[in-house]
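Peer 1: Got a structure for you, written out below as structure tokens; questions coming shortly.
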Amino acid sequence: MLLVLIVVGWRVLSLGMADHYASSDPERALSWRGDHPEALLHLAERRAATPGTAAEAEDLARRALALNPLDGRPYRVLGQLRTAAGDLEGAAPLYLIAADRSPRDVPTLAWLVDYHLSRNEFAPAVARLDLLLRAEPELIPKLRPVFTALAQLPAAHEALAERLITLPPWRTVVVLPVIRETPDINVLAALMERLRKADGGLPDVELRVWVDRLVKEGRWGPAYLTWVSQLPKERLGSLGNLYNGSFEWEPGQGGFDWRLGRIAGARIDRVTAPVQAVGWPCASPSRTAGSRSPTFPRCWHWPPATTPCVGRPGHRTCAPNGAWSGPCPAHPPARYWAKLNR
């Protein structure tokens with residue numbers, strides 16, 4: 001009985017020590033347990049990265065694989081050795097097996113993304129990018145340029161849009177820089193139309209940024225039509241020259257609606273205006289000494305031939321297409337709102 005306890009104790013101790021050193025010092029771990037698959041794998045990775053030790057790396061990887069056949073990472077090491085030898089076609093099947101058995105292995109996914117992109121295989125490349133960002137969200141800043149490059153390739157739009165339509169958790173933080181940074185707006189517009197026409201359309205934040213990009217490029221017509229296409233159906237019947245001019249609804253903070261910003265030292269409070277023309281409460285601006293008066297900026301789009309003059313003392317000059325801002329009156333006269341909404 002004592003002998004059995006000693007043997008069991010030794011096995012527990014040796015396994016614990018091997019587990020402890022498997023990643024930090026795999027050779028030391030193997031001195032405790034020569035058949036430890038994790039230690040064999042990590043030592044194989046080190047040998048694969050060391051010139052002149054490819055044969056040893058392959059032997060270690062195969063031993064790790066024999067001990068744990070369901071682990072895909074030894075296949076990745078074997079694929080790495082094939083890649084180093086210049087045999088990409090021989091490496092690809094090994095990396096595919098590695099991805100199938102270890103789907104969250106970042107080096108495997110990164111290699112496959114690069115491999116698929118080099119062959120213009122956009123659907124599998126975007127699928128691997130999705131898995132990569134789900135496994136390591138910290139990689140999003142580094143991979144944003146990849147998505148911007150894909151947005152500039154019409155051939156990649158179908159694969160990219162199909163993946164984005166599934167609403168992956170990284171979508172917004174990737175799409176917003178793509179909208180802002182893609183240089184060719186004509187190519188970008190084709191991708192954004194695919195996303196807009198999908199079920200649910202564009203999320204509010206993407207819609208705002210996309211409309212602002214169109215406005216910045218002077219494309220007022222497409223900007224207005226894109227924004228209107230996502231308005232609730234009950235609001236389409238009341239579209240006028242100035243949308244929501246009488247504050248029938250709470251300002252939407254984007255597009256061609258009112259935009260309520262923040263100014264240091266200024267405060268905007270909701271008050272009920274004593275006129276029928278105002279639905280949603282207007283605002284009473286107040287400010288501390290030395291601060292600017294709060295404003296309600298907005299964009300509009302009117303046909304040039306019918307541009308009205310809606311000026312009021314203190315307002316900026318109107319333009320056919322442009323941004324306008326002016327102080328919100330605490331108690332606007334009915335004729336003022338009627339003129340705005342004409």
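The values are calculated or read from the model by the stated rules, or taken from the named source; none is laboratory data. Everything numeric here is computed off the predicted structure, so don't read it as measured data. FYI the Cβ positions are ideal-geometry reconstructions off the backbone, even for glycines, and counts take in every protein chain you see.
Peer 1: Looking at Gly201, Gly218 in this structure, which one is under 22 Å from the mean Cα position of the chain (by Cα) and more than 21 Å from Leu117 (Cα to Cα)?
Peer 2: After applying the criteria, what remains is Gly201.
Peer 1: Is there any pair with a first residue in the range 194-221 that is among the acidic types (Asp, Glu) and part of a helix (DSSP H, G or I) and a second that is crowded, with 20+ Cβ neighbours inside 10 Å and at pLDDT 90 or above whose Cβ atoms are under 8 Å apart and which are 6 or more apart or on different chains, and what are they?
Peer 2: Pairs that qualify, where the first residue is among the acidic types (Asp, Glu) and part of a helix (DSSP H, G or I) and the partner is crowded, with 20+ Cβ neighbours inside 10 Å and at pLDDT 90 or above, are Glu206/Val175; Glu206/Ile179; Glu206/Leu195.
Peer 1: Has the range 106-113 got at least one residue that is farther than 22 Å from Ala57 by Cα and crowded, with 19+ Cβ neighbours inside 10 Å?
Peer 2: yes
Table: residues versus (1) modelled with pLDDT of 85 or more; (2) under 18 Å from Ala156 (Cβ atoms).
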residue	(1), (2)
Ile179	yes, yes
Asn186	yes, yes
Ala190	yes, yes
Asp212	yes, no
Thr226	yes, no
Gly255	no, no
Arg259	no, no
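Peer 1: Would you call Pro177 surrounded by fewer than 20 Cβ atoms within 10 Å (Cβ to Cβ) and not in a helix (DSSP H, G or I)?
Peer 2: no
Peer 1: Out of Leu191, Leu143, Leu133, report the one residue that is surrounded by 18 or more Cβ atoms within 10 Å (Cβ to Cβ), closer than 19 Å to Leu112 by Cα and either in contact with a helix residue (DSSP H, G or I) (Cβ under 8 Å, 6 or more places away or on another chain) or among the hydroxyl-bearing types (Ser, Thr, Tyr) (or both).
Peer 2: Leu133
Peer 1: With Leu132, Leu109 as the choices, which residue is touching a Pro at 6+ places or on another chain (Cβ under 9 Å) and aliphatic (A, V, I, L, M)?
Peer 2: Leu109
Peer 1: In the list Arg101, Arg76, which residue meets the criterion of being in contact with a Pro (Cβ under 8 Å, 6 or more places away or on another chain) and basic (Lys, Arg)?
Peer 2: Step by step, each of Arg101, Arg76 is checked, and only Arg76 is in contact with a Pro (Cβ under 8 Å, 6 or more places away or on another chain) and basic (Lys, Arg).
Peer 1: Sticking with this structure for a sec: Consider the range 125-174. How many of its residues are assigned to a helix (DSSP H, G or I) and farther than 20 Å from Asp184 by Cβ?
Peer 2: Going through the range 125-174 one residue at a time, the tally reaches 23.
Peer 1: Condition (residue is surrounded by fewer than 15 Cβ atoms within 10 Å (Cβ to Cβ), modelled with pLDDT of 95 or more and in contact with a Phe, Trp or Tyr (Cβ under 7 Å, 6 or more places away or on another chain)) applied to the range 159-169: is it met by at least one residue?
Peer 2: The answer is no, given that none of the residues of the range 159-169 is surrounded by fewer than 15 Cβ atoms within 10 Å (Cβ to Cβ), modelled with pLDDT of 95 or more and in contact with a Phe, Trp or Tyr (Cβ under 7 Å, 6 or more places away or on another chain).
Peer 1: Every residue in the range 228-245 that is under 18 Å from Gly201 (Cβ atoms) and either surrounded by 12 or more Cβ atoms within 10 Å (Cβ to Cβ) or at pLDDT 85 or above (or both), please.
Peer 2: Matches in the range 228-245: Val228, Ser229, Gln230, Leu231, Arg235, Leu239, Tyr243.
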